[in-house]
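The values are calculated or read from the model by the stated rules, or taken from the named source; none is laboratory data. If you're wondering where the values come from, they're calculated on a predicted model, not measured in any experiment. Here the Cβ positions follow ideal geometry from the backbone for every residue, glycine too, while neighbour counts run over all protein chains shown. Note: accessible area is taken over every heavy atom of the protein model, side chains too, but ligands, DNA and RNA are not part of it. Shrake-Rupley method; radii C 1.70, N 1.55, O 1.52, S 1.80 Å.
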Amino acid sequence: MNVYDSERMVEVMEGAGFEQTDRADDADMILLNTCHIREKAAEKVYSELGRFKNLKNEKPNLKVAVAGCVAQAEGEEIMRRQPLVDLVVGPQSYHRLAELEKVAHQTGRAIDTDFPEEDKFNVLGVRPKIKRAPSAFLTVQEGCDKFCAFCVVPYTRGAEVSRPVQNILNEAKELVERGVREITLLGQNVNAYHGEGFQGREYSLAALIWELNKLDGLERIRFTTSHPNDMSLDLLEAHANCEKLMPYLHLPVQSGSDRILKRMNRSHTAQSYIDLVDEIRRARPDILLSGDFIVGFPEETDADFEATLELIREVKYGQAYSFKYSTRPGTPAAERDQLPEKLKTKRLYELQTLLSQQQKTTQDSMIGRDLRVLFEKPGRLEGQLVGKSEYLHAVHVFAPRSLIGSVQSVHITASSSNSLAGSLI
Ligand code: 5AD
Ligand code: SF4
């Protein structure tokens, strides 16, 4: 979602006469968009900021802004810790970025970490007509009411809110007109989506997907991230029958131990998750499953960890993200006794070894198959393109550049560490 937010912030500043540059030396304003989910991510902002010290001394008019969830969580503290910061803006108020830049210019500093009354998406409006890459993100839902004991999201992104269907369709149409062929619908709890639909009805995520399915020119729909407890029947049915919805599902479980799941306030069990996976696979047998895992949560014993490995062996993931538990200020689990770092490192290594084996098996099973690939951009080698399969694997193919933005059939011939290769059929 930070990628999406960054794009939108660039658009806000373009509206105020700025132009995007990737070179900090050229910039009149440097914007860091930040993540607060784990300590490592949150601390990164301060080391990044340190790099701009000399530049700021040379160019006193340079404005340095910090956006995103670190801005939301730490607010003015950022300016105290790093005085070169002129502007702090949270994820719910970045539509005011241009005004804030003006204030910072006049008074030397500006800060906005409100959750304003107005909907930022209405203020942002439709996007300027610049040609886009074939695959784009579109935020449909933000925030979370689940309060998992480890997670800062409910505090930084706020309560769960869904955008109205019409609003999303307008943005999707605009994206398609600008060359987008695949849209990934985003939300911290995307399958809890319940937006204002048509004829006074509330739409579920599945109903929204069926509306988008009608959009000419749009070829692929994806969504992320889902919570197991919000996996409704109509969404399973969409996975079975909706032609543009891709066979890929990111469904975090976090742990395979019921005791730990309870302490995490996850309100599902390992077995209910496994039963759900069975149901999903009945609806769409070839679906590729992805997950998130946390190791070393407070009180996690060897037996709890073993239960997580057991769940992974049973589910078989095609892709996964895994993390050492990181204490986050203000969350319930931060107050509990913590496990030693060394133990977390050992468990993460073991877990990732298993997950990478599963990932490799899944990827290798694509060899010999004919997949549909959306070509996104030139590859590293001359004459090569890179695209994504239905299952989100990167695929390298020698093919003419004119095929960028189109979906083609590809015969898969090889699998390497992070991608597949094949030839056009
Ligand atoms: N420590 C480690 N991982 C975390 N996640 C969220 N909070 C924490 C934390 N405090 C992970 C979860 C979530 C993903 C986005 O980040 O696995 O699904
Ligand atoms: Fe965080 Fe996801 Fe739990 Fe919400 S459901 S609190 S976003 S981990």
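Think of region 370-424 as having a plus end and a minus end, set by charges on the Cβ of Lys, Arg, Asp and Glu; of LEU424, HIS396, THR413, HIS396 sits farthest toward the positive end of this dipole. VAL66 sits among other residues whose Cβ lies under 10 Å from its own Cβ, and their net charge, with Lys and Arg +1 and Asp and Glu -1, is -3. For region 162-264, applying the loop criterion from DSSP together with a ceiling of 12 other beta carbons within 10 Å to the GluC sites (Glu not before Pro) yields GLU243. Note on LYS344: lysines with a C-alpha under 28 Å away, same-chain residues under 8 apart excluded, are LYS40, LYS44, LYS146, LYS262, LYS316, LYS324, LYS360. Taking amide H as placed 1.01 Å from N in the peptide plane, ALA149 has its amide H under 5 Å from the amide H of ASN265, each at least 5 places away in sequence or on another chain. Considering only PHE137, CYS151, SER204, the residue lying farthest towards the positive end of the dipole of the chain is PHE137, judged by Cα position with unit charges set on Cβ. Amide H contacts under 5 Å for GLY291: LEU251, GLN319, ALA320, TYR321, restricted to partners 5 or more places along the chain or on a different chain, H placed in the peptide plane at 1.01 Å from N.
For the chain, what's the relative contact order in percent, using C-alpha pairs closer than 8 Å and at least 6 residues apart? 10 percent. Under the shape rule built on the C-alpha gyration tensor, where the axes satisfy a ≥ b ≥ c, region 2-111 is rounded, since a/c falls short of 1.5. Each Lys and Arg contributes +1 and each Asp and Glu -1, all at the Cβ; summed about the Cα centre of region 80-132, the dipole is approximately 420 debye. The phi-based Karplus calculation (6.51 cos²θ - 1.76 cosθ + 1.60; θ = phi - 60°) puts the 3J(HN,Hα) values of region 346-361 at 5, 5, 4, 4, 5, 5, 5, 4, 5, 5, 5, 4, 5, 4, 5, 4 Hz, whole numbers, x for Gly and Pro. For the chain, adding -39500 (n - 2.57) for each run of n ≥ 4 DSSP H residues and dividing by the number of residues yields -10500 deg cm²/dmol at 222 nm. Of all DSSP beta bridges confined to the chain, the antiparallel ones make up roughly 40%. The charge dipole of the chain, taken about its Cα centre with unit charges on the Cβ of Lys, Arg, Asp and Glu (plus for the first two, minus for the last two), comes to roughly 940 debye. Of all lysines in the structure, the ones whose alpha carbon falls short of 19 Å from that of LYS131, not counting any fewer than 8 places away in one chain, are LYS173, LYS377.
Under 5 Å from the amide H of LEU31 lie the amide H atoms of ALA65, each residue being 5 or more positions distant or on a separate chain, with H modelled from the backbone and absent for Pro and chain starts. Think of a 1.4 Å ball rolled over the protein heavy atoms: the chain then has 46 Å² of accessible area per residue. The listed residues TYR193, TYR248 rank as TYR248, TYR193 when sorted by accessible area, largest first, using a 1.4 Å probe. Considering only protein heavy atoms and a 1.4 Å probe, what is the carbon-and-sulfur percentage of the accessible area of the chain? Percent of accessible area from carbon and sulfur atoms in the chain: 50. With charges set only on the Cβ (+1 for Lys and Arg, -1 for Asp and Glu), what does the dipole of region 207-327 come to about its Cα centre, in debye to the nearest 20? The dipole magnitude comes to about 200 debye. Checking Cβ-Cβ separations below 4.7 Å across the chain identifies CYS35, CYS69, CYS144, CYS242 as cysteines lacking any candidate disulfide partner. Just to be sure I understand: of the beta bridges DSSP finds with both ends in region 144-290, what percent are antiparallel, rounded to 5? Bridges in region 144-290 that DSSP calls antiparallel: roughly 25 percent. One Cα centroid belongs to region 290-366, the other to region 170-233; the line between them spans 30 Å. Rounded, prolate or oblate: pick one for region 326-425, where a ≥ b ≥ c are the square roots of the eigenvalues of its C-alpha gyration tensor, a/c under 1.5 means rounded, and failing that, prolate if a/b is larger than b/c, else oblate. Verdict is prolate for region 326-425.
Among the protein heavy atoms, those of MET366 account for about 10 Å² of accessible surface (1.4 Å probe, every chain in place).
Phi-derived couplings, Karplus 6.51 cos²θ - 1.76 cosθ + 1.60 at θ = phi - 60°, listed residue by residue for region 59-70: 10, x, 7, 4, 9, 10, 10, 10, 10, x, 6, 5 Hz, with x used for Gly and Pro.
In straight-distance terms, cross-link reach from LYS214 covers every one of the aspartates and glutamates whose alpha-carbon lies under 15 Å from its own, apart from those fewer than eight places away in the same chain; here that gives GLU171, GLU174, GLU177, GLU182, GLU243.
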